[in-house]
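Novice: To start, I am sharing the structure in question, which I have written as structure tokens.
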Amino acid sequence: MEPWFGDEEATAVFEYMKSGGWAMEFKKTSELEGMIADFVGAKHCIMTTNGTISLTLALLALGLKAGDEVLVPDFTMIASPNAAKLIGIEPVLVDVDPKTLCMDLDAATRAVTPKTRAMMYVAFNGRAGDMQQVVDFCRKYNLFLLEDSAQALGSRQAGKHLGTFGEIGSFSFSVPKIISMGQGGALVTDSDELAGKLRRLKDFGRTGGGSDIHDEWGWNFKFTDIQAVIGIEQMKKLPARVLRKKEIWQKYHELLKDVSQIEMIVTNTDDTSPWFVEVFVDNPDGLAAHLKSHGIGSRRVYPAIHTQKIYQDAWGSQSFPATERIAARGLWLPSSSQLSDEDIERVVKTVKSFYNND
């Protein structure tokens, strides 16, 4: 994965700085928020520093406090549970469904306790399970639904963009994402009340812009207009990149479908914009080494959260069979939006040579 910036971003930043912009969050950030809200179909979008802080702010806005619990999948980027730990909320790890790599609702049922206040549903690699079932689950157990859609910009289900099914959805714009501003996070919601809380939380709890009256707790997690200027140009390119991501996935799948040693997740690219291409094999380290010897980079998928040193004391003795199998077998192949068809064909040829002992 790599960022994809062009002359448009460079020119826009240059013109902005020549115009006398102060670089701080202001009109360009508001313009970017409007573009993101329109794209996903949400009433409000609130920009912040990164996707980890966006999740933390969302939990605070929903009223969770130290000692409360939030359900989090065991298979995710570590930002998901860490965002809760940052403010003393306990992430309760839940196994995933191997068909989607998203939270298994049967396992989630067993994980709910009287302290559980929310579910952090991660749309892994742009996919989601049946979101109506997720919504119904949260209603049944009286849980807030926070969607970690960091990997799902451009993915929809039943005509709705992922991130808009729950109370709040979170997106990320770090370097590997489909569009990037170097860093950055966005929160989307249809609730006027939650939008107001989020804006105050990220701006010292001010009662209003330019005021030094603080009736609520808040911190400085504001964005910058320099990043927003880049983001505006990136948003203009997003539809084409979503289309290309789908084409890349389809081409990999078509070329690898007859390799019996490789398993891929069934993905409906009519709805899903895959962030990366993952394969599951019995010897991912061997395949990665073979690819590297031919000048091709790859990367192991995330380890199970419960195996990470910082979570082992609380969760290391528990079993998460699906996550453990996925983490043991998963490898990400080159997935940049800039890949040509010839690049993909070269990667696939090299993968096949590993299994043919070439």
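Novice: For segment 113-138, which residues satisfy the criterion of being hydrophobic (A, V, I, L, M, F, W, C), part of a strand (DSSP E or B) and more than 28 Å from V279 (Cα to Cα)? Quick ask: steps written out before the conclusion?
Specialist: Restricting attention to segment 113-138, the residues satisfying the condition of being hydrophobic (A, V, I, L, M, F, W, C) are 118-120, 122-124, 128, 131, 134-135, 137-138.
Filter once more, keeping what is part of a strand (DSSP E or B): 118-120, 122.
A118 - this is the single residue of segment 113-138 that is hydrophobic (A, V, I, L, M, F, W, C), part of a strand (DSSP E or B) and more than 28 Å from V279 (Cα to Cα).
Novice: Quick one: T29 ticks every box in (1) hydroxyl-bearing (S, T, Y); (2) under 20 Å from the mean Cα position of the chain (by Cα); (3) under 17 Å from L201 (Cα atoms) except a single one, so which number is it?
Specialist: The number of the failed condition is (2).
Novice: Shifting gears a bit: For G196, all conditions in the list (1) without any contact (Cβ under 8 Å) to a residue 12 or more places away in the chain; (2) outside any helix (DSSP H, G or I) hold save one; what is the number of the exception?
Specialist: (2)
Novice: Would you check if T56 is of a type in the set (S, T, N, Q), part of a helix (DSSP H, G or I), over 30 Å from P239 (Cα atoms) and not assigned by TED's automatic domain parsing to the domain that holds A327?
Specialist: So T56 does not fit the description; no.
Novice: Which number in (1) assigned to a helix (DSSP H, G or I); (2) crowded, with 23+ Cβ neighbours inside 10 Å marks the one condition that M35 misses?
Specialist: Here M35 meets the rest and fails (2).
Novice: Next question. Cβ-Cβ below 8 Å, separation at least six or inter-chain, first residue in segment 243-257 and free of Cβ contacts under 8 Å to residues at least 12 places away in the same chain, second surrounded by fewer than 17 Cβ atoms within 10 Å (Cβ to Cβ): which pairs?
Specialist: Qualifying pairs under 8 Å: K257/M264.
Novice: Another one. Of everything in segment 139-163, what is outside any loop (DSSP other than H, G, I, E, B), closer than 19 Å to T76 by Cα and out of contact with any helix residue (DSSP H, G or I) (no Cβ under 8 Å at 6 or more places or on another chain)? Give them in sequence order.
Specialist: E147
Novice: Among (1) free of Cβ contacts under 8 Å to residues at least 60 places away in the same chain; (2) among the hydrophobic types (A, V, I, L, M, F, W, C); (3) part of a loop (DSSP other than H, G, I, E, B), there is one condition F5 misses while meeting the rest; what is its number?
Specialist: Exception for F5: condition (1).
Novice: In addition: In segment 201-230, what count of residues is obtained for those that are surrounded by fewer than 20 Cβ atoms within 10 Å (Cβ to Cβ) and farther than 14 Å from S30 by Cβ?
Specialist: Final tally of qualifying residues: 16.
Novice: Could you list, in sequence order, all residues of segment 285-335 that are surrounded by 18 or more Cβ atoms within 10 Å (Cβ to Cβ), under 30 Å from A240 (Cα atoms) and among the small types (G, A, S)?
Specialist: Of everything in segment 285-335, those that are surrounded by 18 or more Cβ atoms within 10 Å (Cβ to Cβ), under 30 Å from A240 (Cα atoms) and among the small types (G, A, S) turn out to be A288, S298, G330, S335.
Novice: Could I ask something else about it? In segment 164-183, which residues are within 14 Å of the chain's Cα centre (by Cα) and in a loop (DSSP other than H, G, I, E, B)?
Specialist: Quick first cut of segment 164-183, residues within 14 Å of the chain's Cα centre (by Cα) only: 164, 168-180, 183.
Passing the criteria: T164, F173, S174, V175, P176, K177, I178, I179, S180, Q183.
Novice: Among the residues of segment 293-300, is any assigned to a helix (DSSP H, G or I), more than 25 Å from the chain's Cα centre (by Cα) and either among the polar types (S, T, N, Q) or in the same structural domain as S149 (by TED's automatic domain parsing) (or both)? Spell out the reasoning first.
Specialist: Initially, segment 293-300 is screened for residues assigned to a helix (DSSP H, G or I), giving 293.
This time we only want the ones that are more than 25 Å from the chain's Cα centre (by Cα), so: 293.
Those left that are additionally either among the polar types (S, T, N, Q) or in the same structural domain as S149 (by TED's automatic domain parsing) (or both): 293.
Yes, some residue in segment 293-300 is assigned to a helix (DSSP H, G or I), more than 25 Å from the chain's Cα centre (by Cα) and either among the polar types (S, T, N, Q) or in the same structural domain as S149 (by TED's automatic domain parsing) (or both).
Novice: Would you tally the residues in segment 341-358 being touching a helix residue (DSSP H, G or I) at 6+ places or on another chain (Cβ under 9 Å) and closer than 20 Å to L243 by Cα?
Specialist: Matching residues across segment 341-358 total 3.
Novice: Here's something else I'd like to know. So for segment 76-93 (the condition being out of contact with any helix residue (DSSP H, G or I) (no Cβ under 9 Å at 6 or more places or on another chain) and either without any contact (Cβ under 8 Å) to a residue 40 or more places away in the chain or over 15 Å from M120 (Cβ atoms) (or both)), does at least one residue qualify?
Specialist: Yes: one or more hits.
Novice: For the list (1) touching a residue at least 60 places away in the same chain (Cβ under 8 Å); (2) assigned to a helix (DSSP H, G or I), I need the number of the one condition that R110 fails.
Specialist: Of the numbered conditions (1) touching a residue at least 60 places away in the same chain (Cβ under 8 Å); (2) assigned to a helix (DSSP H, G or I), the odd one out for R110 is (1).
Novice: For segment 40-55, indicate whether the set of residues that are farther than 18 Å from K197 by Cα and either of a type in the set (D, E, K, R) or out of contact with any Phe, Trp or Tyr (no Cβ under 6 Å at 6 or more places or on another chain) (or both) is non-empty.
Specialist: So far as segment 40-55 goes, yes, one or more of its residues are farther than 18 Å from K197 by Cα and either of a type in the set (D, E, K, R) or out of contact with any Phe, Trp or Tyr (no Cβ under 6 Å at 6 or more places or on another chain) (or both).
Novice: What's the number of the only condition in (1) crowded, with 19+ Cβ neighbours inside 10 Å; (2) in the same structural domain as K99 (by TED's automatic domain parsing); (3) closer than 21 Å to L339 by Cβ that G184 fails to meet?
Specialist: It fails just one condition, (3).
Novice: Which is closer than 30 Å to G210 by Cα and either touching a residue at least 40 places away in the same chain (Cβ under 8 Å) or in contact with a helix residue (DSSP H, G or I) (Cβ under 8 Å, 6 or more places away or on another chain) (or both), of K18, K28? Show your work before the answer.
Specialist: Details: K18 fails: either touching a residue at least 40 places away in the same chain (Cβ under 8 Å) or in contact with a helix residue (DSSP H, G or I) (Cβ under 8 Å, 6 or more places away or on another chain) (or both).
When all the criteria are applied, what remains is K28.
Novice: I want to confirm something. Restricting to segment 208-230 and keeping residues that are without any contact (Cβ under 8 Å) to a residue 24 or more places away in the chain and not in a loop (DSSP other than H, G, I, E, B), which single residue is farthest from I87 (Cα to Cα)?
Specialist: H214
The values are calculated or read from the model by the stated rules, or taken from the named source; none is laboratory data. Since the structure is predicted, the reported quantities are computational estimates derived from the model, not experimental observations. Virtual Cβ from ideal backbone geometry, glycine too; neighbours counted across all protein chains shown.
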